[in-house]
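The values are calculated or read from the model by the stated rules, or taken from the named source; none is laboratory data. Small disclaimer: the values here were computed from a predicted structure and weren't measured. Positions of Cβ are backbone-derived with ideal geometry, glycine not excepted, and every protein chain shown enters the neighbour counts.
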Protein chains: 4
Amino acid sequence: MAKLGFIGLGVMGSRVVKRLLDAGHEVTGYNRTASKAQWLVDMGMRLAPTPRAVAEASDVTFTMVTNTAALLQVFEGAHGLLAGLAPGKTYVDMSTVSPAASRELAGRVTACGASMLDAPVSGSVVTLEEGKLTLMVGGDRDVFRKLEPILLDIGPKATYVGDNGLAVTMKIATNLSLAVQMLAFSEGVLIAEKSGIKREVAVEVLVNSAIGSPMVKYRGPFVLQMPNEAWFNCNMMQKDMSLALELGRDLAIPLPTTTITNELLTAARGMGLEDYDFAIVFDVLARLSGVQTGREGKGQAS
Amino acid sequence: MAKLGFIGLGVMGSRVVKRLLDAGHEVTGYNRTASKAQWLVDMGMRLAPTPRAVAEASDVTFTMVTNTAALLQVFEGAHGLLAGLAPGKTYVDMSTVSPAASRELAGRVTACGASMLDAPVSGSVVTLEEGKLTLMVGGDRDVFRKLEPILLDIGPKATYVGDNGLAVTMKIATNLSLAVQMLAFSEGVLIAEKSGIKREVAVEVLVNSAIGSPMVKYRGPFVLQMPNEAWFNCNMMQKDMSLALELGRDLAIPLPTTTITNELLTAARGMGLEDYDFAIVFDVLARLSGVQTGREGKGQAS
Amino acid sequence: MAKLGFIGLGVMGSRVVKRLLDAGHEVTGYNRTASKAQWLVDMGMRLAPTPRAVAEASDVTFTMVTNTAALLQVFEGAHGLLAGLAPGKTYVDMSTVSPAASRELAGRVTACGASMLDAPVSGSVVTLEEGKLTLMVGGDRDVFRKLEPILLDIGPKATYVGDNGLAVTMKIATNLSLAVQMLAFSEGVLIAEKSGIKREVAVEVLVNSAIGSPMVKYRGPFVLQMPNEAWFNCNMMQKDMSLALELGRDLAIPLPTTTITNELLTAARGMGLEDYDFAIVFDVLARLSGVQTGREGKGQAS
Amino acid sequence: MAKLGFIGLGVMGSRVVKRLLDAGHEVTGYNRTASKAQWLVDMGMRLAPTPRAVAEASDVTFTMVTNTAALLQVFEGAHGLLAGLAPGKTYVDMSTVSPAASRELAGRVTACGASMLDAPVSGSVVTLEEGKLTLMVGGDRDVFRKLEPILLDIGPKATYVGDNGLAVTMKIATNLSLAVQMLAFSEGVLIAEKSGIKREVAVEVLVNSAIGSPMVKYRGPFVLQMPNEAWFNCNMMQKDMSLALELGRDLAIPLPTTTITNELLTAARGMGLEDYDFAIVFDVLARLSGVQTGREGKGQAS
């Protein structure tokens, strides 16, 4: 078993650590708010005071944070993980950041003799807990081969997609469809509903039809009842859409469904609905159609 | 076992008849080009000379044709099926026509003492042959209950959605997502490909991710190799999209992803690609991005 | 001076008649609600009891009605204008109908020995009263030449664009930009306003900039104060947009800005704002952005 | 007459300097490629070796460069203009940069005791030479009042819109309509053309209609004959669209026509047409519609 480090013990990150501990690995963790990690300490995880200390204590250090800015905070500086890396060590970033940022970090990691992989996950907390989470991996193929057994302790499949930065690219290319599928689904539900079909019936038919992706199956029922806590709120979704649109612009690829869906996410924010799961695009469309959903802006209610 | 009639023995219709014959029903069929139905005659189906003769010979008559115009051709007139209906008989339309047209036919059927259901299918030839095709049913609930056993000989599930015309509504509300999901998928593939990921790898990752609906699993690989014969070509898909947009306009529901995807289908036609499966929207986007696919307009090649 | 007939004495039609009377022509008029035409009778116009009677009394008969259905009502039947046409007479339709419908009427007019032109106008009541209205004309070029002097009594310019139906085509091709320009203008105003620029200042700058078309100059100030009576309400605008989208589909031309703007007009209807001038798309966008306009649905208020 | 400085003597900047010289001002100029400014030197302009030297020699220093990066190059550093500013001096930026960047520079200018205005222009070289260019001005109102006479030597109107950064905001809010109007215009031309109207006739009718903004009048004829040198190429236009989309995202304003038009500009780049004037979106749409324009990618031809 390997000595592993994990920085970023949020909803997803903490559950990845749990799986790694369950698989028998030694894990040293770091979280900005250390108290949130107590349950993992109870399970055997060690806490380190800084990202650097994590990297120093580990053969392989993972990060899983919200965005590029958050990643730089744990990566750089005197207490950053980069300062704790050394030849022979490996750094694996599971965050969804811009491919350019990912490649730049990889260059800095390589410059100090260590190796980096980008390994974002496809799936949700539920998929993760069911042990069905798949990973996409970018970086040196030999480094990937060496780490593969550890990655397979996280989920059943790790697909090597190419050089550094290409796994986050693949993640972004996947995630744009999450929002687009949700919006198209909402268009269908509203056509059915305004025609006289009950919303529940419409949802049931759609999730069981040819368009019923895992995303549609999970989130489709959200239009009936939004979860109290967003799985992935509008701001988070819009971050990923913006990364996609940036790639589209840089690479000269028009992205018609991504861009139009992104505007509806903007509208969700304009209407005060940004704290909901991004499935709330249904409500944006419903309001435009004069259909009631009984939900209000989260900020307005409190 | 019931005496059944079936009008419209195309790719889908003929395979439905096969399932009904396999289930032990007597089937009388009609097709404009009778020769195409020989294999069903060999299996025991009787051929009738007109739609009217089919309806006269049957307790329950089905139709499954291309569009509203084709439906009216077999429905009306001296040789039409309406002329063969009588009190106690049932007529089931499995075509995708406009809900308004479907409701109008139902009125005429009811006026002559018979009953009508609209029962479009969700799925493809493959789903049908695997016995996994689901039906949505609109019309009188008692008539639906009476016919349900026969419908379940076609597929494993028949969902009652409401009054006449609501099942085709539900079908249209479903189908818009087929095209939208395909276009969003294409956007993802092109981002991956222009970033340096092999197209095959991108397709594999996407179809196995959270966005992998049955549609994405079937058609995703089409971007690597288009089928010789379109499952559902651009014109057919655009017919369904136009029905959705008409409903959206009538019911005052904005349909952002449907409408923008429909314009790409228009572009497919403008570029001479309309005879391909609608998955060819990938090629439209690829051309806009300066990416080669090796495919040409079907009309131009011959 | 010629004997002229005019069917459809609405806001625009009645003012065209006034100009023709002012120019010294004899005019026989018809309106469904005859009382609305009293002021024209006071100016010397004769009233006829039916469209047919108008055509019988006139060398040149004009129509200017709301849509294709309204046009067929005055055109067909025992009392319709077609029954009053004869060899040597000319019929000029100034309505905006579908090019296909226009061509079909032209065929029927030609079949009875008369000639038809389609001659829709570009401009508003204001332009008309200022004598600046321009006409586009479709049909036989010689017929156009013969009628040109009369048409120039309506406005200063009549442009011959080609065969029957092509002038309404040109009108539709023009009108799509009205709505699109208005929506783009609204996007600009909201960016300015949410950044801290006063709405009045933003409007003033925009209408005087390079984007200040006559439409923008007329309608731009509407975002500050909507007119009590719509110049051209959402339903009317959406009729023209739908004609454009139909042409786009038939001719295989993707219309990205038309289609997306049309969805916002749909939203205006979904939100109960359809009785306002189509400049109300500003309010749709404002609501999506969380900006107050102080205007409510017209139907809801009463 | 004032001592003026001007940094950035490109197509627009140099002609602004000419107007200032014509008005009797002393002007000290700087351009990266000094030789391009020889004709201005011949007219009496002095050349300075660095931006700093320009600012040191002038009461009021102007900049007019391509983008934020170019602006920082002349603004910062030992030889930058900031180093040459002093209490009582004024700095006027006429470039189109992001409002946030503009505000940040204003803060740095104020910190050294000088004042800054952002004063982008609305219009083209033609408008400028005709003396019809209008300016929007952001910054301190008193500073604006003091400088107004000089600004009016550039164009006939200078509108004060508010605090620092708001004039560039207003410029961006204007420019999005340039591209949108051009694309909507193109949709109209193609509808006309594929219906059988000559492209020249369609252009003539449209530019003289209610949608004929100055932009449409200038650029409409480009669809018949593209200028050899782009007035404002796709990359420049897309820069401004991206600034608009960034504002839309930051301020939570959906921008449906901006975003969809921006994707067509992306397509222009994907098809190798980026060096053309942005009016080339006509060609993108024409290709999607199967219409020939006789133009090729600029890069491919050479």
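Of note:
- Residue list for segment B:1-14, filter: part of a helix (DSSP H, G or I), touching a residue at least 60 places away in the same chain (Cβ under 8 Å) and either small (Gly, Ala, Ser) or under 12 Å from B:Met45 (Cα atoms) (or both): B:Gly13
- Segments classed as helices (runs of 4 or more DSSP H), wholly inside segment B:200-302, with at least 2 members that are surrounded by 20 or more Cβ atoms within 10 Å (Cβ to Cβ) and either more than 7 Å from every other protein chain (Cβ to nearest Cβ) or not hydroxyl-bearing (Ser, Thr, Tyr) (or both): B:214-219, B:234-251, B:256-270, B:281-288
- In the set (1) in a helix (DSSP H, G or I); (2) touching a Gly at 6+ places or on another chain (Cβ under 6 Å), the condition left unmet by A:Ile191 is number (2).
- None of C:Leu21, C:Leu85 is crowded, with 16+ Cβ neighbours inside 10 Å and under 29 Å from C:Glu129 (Cβ atoms) except C:Leu21.
- Taking segment B:176-199 as the range and being surrounded by fewer than 24 Cβ atoms within 10 Å (Cβ to Cβ) and either modelled with pLDDT under 95 or more than 8 Å from chain A (Cβ to nearest Cβ) (or both) as the test, the residues that pass are B:Glu193, B:Arg199.
- Count of segment C:156-175 residues which are at pLDDT below 95 and within 7 Å of another protein chain (Cβ to nearest Cβ): 1
- Subset of segment B:45-54 [over 21 Å from the mean Cα position of the chain (by Cα) and surrounded by 13 or more Cβ atoms within 10 Å (Cβ to Cβ)]: B:Met45, B:Arg46, B:Leu47, B:Ala48, B:Thr50, B:Arg52, B:Ala53, B:Val54
- If you check D:Val126, D:Val121 for being under 17 Å from D:Gly8 (Cα atoms) and among the aliphatic types (A, V, I, L, M), only one passes: D:Val121.
- Taking segment B:191-219 as the range and being touching a residue at least 40 places away in the same chain (Cβ under 8 Å) and in contact with a helix residue (DSSP H, G or I) (Cβ under 6 Å, 6 or more places away or on another chain) as the test, the residues that pass are B:Glu193, B:Lys194, B:Arg219.
- Test for C:Arg108: is it farther than 28 Å from C:Thr127 by Cα and out of contact with any Asp or Glu (no Cβ under 7 Å at 6 or more places or on another chain): yes
- Within segment B:132-154, residues that are touching a residue at least 40 places away in the same chain (Cβ under 8 Å) have Cβ atoms under 8 Å from residues that are in a helix (DSSP H, G or I) and basic (Lys, Arg) in these pairs: B:Asp153/B:Arg19; B:Ile154/B:Arg19, counting only partners at least 6 apart in sequence or on another chain.
- Within the set A:Leu71, A:Leu85, the sole residue that is of a type outside the set (D, E, K, R) and over 15 Å from the mean Cα position of the chain (by Cα) turns out to be A:Leu85.
- Within segment C:128-151, being over 12 Å from the mean Cα position of the chain (by Cα), under 17 Å from C:Met64 (Cβ atoms) and either outside any strand (DSSP E or B) or not assigned by TED's automatic domain parsing to the domain that holds C:Val65 (or both) holds for C:Glu129, C:Leu147, C:Ile150, C:Leu151.
- Residues of segment B:84-142 that are of a type in the set (S, T, N, Q) and within 14 Å of chain A (Cβ to nearest Cβ): B:Thr96, B:Ser98, B:Ser102, B:Ser122, B:Ser124, B:Thr127, B:Thr134.
- Criterion applied to B:Ala48, B:Ala55, B:Ala37, B:Ala23 was being within 14 Å of B:Met1 (Cα to Cα), aliphatic (A, V, I, L, M) and assigned by TED's automatic domain parsing to the domain that holds B:Phe144, and the one residue passing it is B:Ala23.
- Condition broken by C:Arg145, with the remaining ones in (1) buried (at least 22 other Cβ atoms within 10 Å of the Cβ); (2) out of contact with any helix residue (DSSP H, G or I) (no Cβ under 6 Å at 6 or more places or on another chain) satisfied: (1)
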